[in-house]
1. Per q in 0.14, 0.17, 0.21, 0.24 Å⁻¹, report the Debye log10 I(q)/I(0) for the stretch B:504-602, using one uniform scatterer on each alpha carbon and no solvent.
2. For the stretch A:27-108, state the semi-axes of the equivalent ellipsoid (square roots of 5 times the eigenvalues of the alpha-carbon gyration tensor), sorted largest first and rounded to whole angstrom.
3. Dimensions of the stretch B:250-314 along principal axes (Cα, Å, largest first)?
4. Could you tell me which of the pairs A:Lys185/B:Lys161; B:Lys161/B:Lys248; B:Lys528/B:Lys625 are separated by over 29 angstrom between their Cα atoms in the structure shown?
5. Mind giving me the FRET efficiency for B:Ala633 and B:Ala358? R0 is 51 Å, r the Cβ-Cβ distance, nearest 0.05 is fine.
6. Sort B:Cys46, A:Cys151 by Cβ crowding within 10 Å, fewest neighbours at the top.
7. Using a Förster distance of 45 Å, how high is the FRET efficiency between B:Glu410 and B:Ser220, based on the Cβ-Cβ distance and rounded to 0.05?
8. From the Cα trace of the stretch B:541-581, what convex hull volume per residue do you get, rounded to a whole Å³?
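Derivation of every value follows stated rules applied to the coordinates shown; laboratory data play no part. The structure displayed is predicted, hence computed values, not measured ones. All Cβ positions, even for glycine, are placed from backbone atoms using ideal geometry, and neighbour counts span all protein chains on display.
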Amino acid sequence: MSKDSALSLSWGSLAALRLDGRALRRTDQLDAVLVEVYVRLRPAVVAYVYRLVGSTRDAEDILQTAFLSLWDQLQRDAEIRNVRSWIYRVVHNLAMDQIRARDRREVTEAMWAARQDSAHRAASQSGEAALVLRSELAHAMSILSPRERECLLLRAEGLSYQEIADVLQTSAKAVSVHLTRGLRKFAHDHDDPA
Amino acid sequence: MTTLPDPESVVLRHISDEDLLAYLDGELSGEAHQDAAHHLTRCWDCRTKLAAIQDRIDSFMQVRRSLSPEALEPEESAVAELQRRLARHAAAAQAETRAPRARPWLLAIPSRPAFAMLTLAIVVIVAAVAWFNAPLSADAVLTRAEVEETSAARQASAVVKNVIQIDRVDSTGSRRRLSVVSTMADNASPALSVSIGTADGAVEQDVLASNAQLLLRVTSHIRFGQPLTRYVVEQQWVPGVSAVEYRKLIRDRGVEEAFAERTGAIVELRHPFRPGHPSGVVETRLRLDGSSWIPVEISIVVVEDGARQEYRLTRTGVELLARTDALAALFASAGSRGAPPGGLAAPPDPTALPHKRARPLSYDSSVATPLEVDVALALHKARADLGEEINVFQMSDGTVLVQGVLDRQERRRQLLSTLHALDGVHVELYAPGTQTGRRTMLFDPPWRSSLPPALRMPPPDAPPIRVADFAGATMPMYSILREHFAPRAVQSGAQGSRSAVDEAIAAFATGVLRRSSDMLFQTWALRKLELQFSERRVQELPLSSRDQIERLRRAHLETLSSHARELSALLDDVVPQVPRDPLQTADRSAASLLTLASEQHQLVRSLFTASSAPGEPSTAVGRLKSMLTQIEAAGS
C-alpha cells in the first residue's frame, strides 16, 4: 500500500473511499481528513437520517456521533474500507436506537399508567413498527415495510445493493427483493396500473 | 444447427422484475446485463415493464425529495461543531487512557448534590461539563428502583405479563435478535408461564415451577459464552428487566465505581467490572425511566472469544391481565407439578391489606403534633430537609413515620441515630445495600396532591443532556467568563494559559451553581414547611412548638437571602454592564418563592452548564439578576 493510499480522497469514487487509521495518524492528518469526509457526506447523510427520525437536529447529532465513532476506530489503527457505507451503517444503527428509545418511553408510560390504576393496558410495539414517519407525505412512505423503505432510501442515496446489504446486515439478494417489492407497492399507491 | 436455442423461446423468457430493476441499477453481471439488453431490444412487454419501473422510481424519488429536511445549518458552523466535539472527544479519550480511575472520582456524588458541587475540586472544563449534570448517584437510583419494584410487585393483584426482547449487539452497533421471552407471573403463585421465541421464529411454551428455572431455559436458547453462563448461574440471576435482579449481576463485580447519567427521560446506570473478571463481563448497564424508576433495559457487555459483545434485554411490553379461571389454572397445574410442598397451600386472601400497620394520613385529614415539629427540627439539624428524599407522615395510630431513600449507608446510619432519640417515631430509611423486605412499601408524599405536577420532584431537574452533548456543547457564558478571567490569569503569573483560565471558569461556575441549587433546596424546604404546618394544622399546637416552626422558617429565609446576595455580587463582578430587569412586585408566599427559585435555577443551569442550544446570554443575565433581587428581598 502506498503512502498516499490512506489519503486517497479521490472524490470521483466517494463510495470506495478507504481510510487507514495508522497512516492517517502517522501523518497527523486524521482530523483534517475526517472533517473533509464529513463535509462531503453531510448533506446526503443528514437528509437520509432525517427521513428516518424526522428531525434535522437529531439527524445532525447522529451524524456527528458517527464521526466520533469513526475517529475512535481510526485511532485504534483500524482500516475502514468503504467509509461511506460504514457511516451509513453506523448512523442507521444510531437512528434505530433512537427510535427504539422513543418506543421504550411509550412502553414505560404505559406501565406507569397500569401501575397507577391497576387497569390493564397493553403497550407492545416492536422497534421496527415505530418506523412510521411523521409528516403527511410520510403516508406515501408508510405503505412500505420498514425494510423496503430502508432499502429504497439507501438506494436513492446511491448505495449499491451490496453496500445496502452491509448497512442492513442482510444479503444483496434480499435487498433486490425488498427494492422490487417496495417499488411495486409504491406504484399501486400512485395509481400506476403496473 | 439443432444445438442453437430457438430464438423465439429466448424472446419469450421474460425478465423478472428484480432483474429489470437490477438492470436499471447496473447491478447485473456483464453477461446477464448483455442478455437483458438483448432481450429488451426484442421484447415489447419487458420494455413496458422497464418503463413502469422507471416511473415508480421517479415517483418514489419525488416523494423522497419532498421529505427533505428544512434548511441545514451553514456548513461552517456544523464543521466548527464537529471540530469542537472531536477535540473534546479526543481529550476525554486521552484522559481515560491516562488515568482510568479518574472518572469515578469525577462522577461519584456524595450524599447531597449541592455539596457534591462544593467538594469536587476544579478540573478542566471538559470534566466540569460532566459533573454539572450528574446530580444522581447510581446506588441511590438503583435502591430507589428496587424499593419501587418490591412495592409494585406487592400491589399488583393481577397477572403480570412481561415481554423481553434479547439482542446481541456487536461493536459496530448492529444487533441480532436472539430471542423474545414473554413471561406471565401471578402474585398468588411462584410459577411462571413462559414463552420463548428463538431467532428462527420457533416458539417454545412452558410453565415453570419457579422463576429460578427461567435462567436455564433462556441460556439454553441464547447461548451466552461459558464464563458468563457460569457467572449468572452462580448469582442466581433471573433474566429479565428488573432492578432487584440487576443487583445480583453487579454484586460480585470486584470494583466499587458506578456511574449514573440522565439522557432525556432515561437514566442510565453503568457498573464496570474488575478488569479480567472471570465472567468476561466488562460492564453492565441498567436503563430506567427517570420519573417512575421502572427499568426498561439491561445490557451486559462482555468479551467473548476476544470480541466485545453486548447482550441487551429490552422490555418491549407489559400488561396487567385480569386473573381469569383459565389463567389461574395455568399456574395451579405448575404448582402441583413442581412447586415445593406447601408452596401453594392456599390462595392469599384478596381482602387482606398490604399493610397491617397503621396507614399514613394526609395533611388534610390530620393536625400537626408536637412530635412532628420535633422530627422537623431533628431533620433540619441534620440538614436532611434540603433536597433529600425524606418524607414525614402522621400515622393513623398517632405515631410518626419517617420514610426516605438515601444515597449512602453512612448517611442512613447518621440519620437513624439522629432520629433514634425520638419516642413514637418509626424510621424507614433505605440506602444502597439495605435489604428491602417483602413488606417494603413507599408511600406517596403527604403533600403530593397539593403541588402542581411540575414541582413534584424536589431535586434540581437535570435538563436532557446526552453523553455525546458533553463533547460538543458549549457553555453560553463561556466567552464572557473567558474575557473576564483571561487578564486576571496573566496578572497572577499563570500566563493566561488556556487550562488555567478554564479552571477559573469552572470554579466560578461551580460556585454559582452550588448557590443556585441550594436556593432551590431552601425554598423547597420552606414550601414543605408551609404545607406541613399550615394555619389549620398548627392551630392546636402549643405556643412553643409554633415558635420553633417560625424559627425554622426564618433560618431557611435567611440562608436563601444570603445566597441570593452572594450570587448577585458574583454576577455583578463579571457582567456589571448588564442592567437588572425592572422589578416585579414580590409575592412572598413559599409557593411563589419556590417557583422563582426554580426558574432562577433553570436559568443558571442554562447559562453556566453546557448547553447544546446556546443563546444570547446577556438578556438572561438581566432577568436572573432581577430574580435574585426579589429573592433577596423576600428573606430580609
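1. Result of the Debye calculation: -0.62, -0.83, -1.11, -1.31.
2. On the way: eigenvalues 133, 39, 19 Å².
So the equivalent ellipsoid measures 26, 14, 10 Å along its semi-axes.
3. For the stretch B:250-314, the Cα spread along each principal axis is 37, 23, 16 Å.
4. With Cα atoms farther than 29 Å apart: A:Lys185/B:Lys161.
5. Working: r = 43 Å, r/R0 = 0.85.
Approximately 0.75, to the nearest 0.05.
6. B:Cys46, A:Cys151
7. Working: r = 43 Å, r/R0 = 0.95.
Computed FRET efficiency for B:Glu410 and B:Ser220 comes out at 0.55.
8. In the stretch B:541-581, the Cα hull volume divided by residue count equals 53 Å³.
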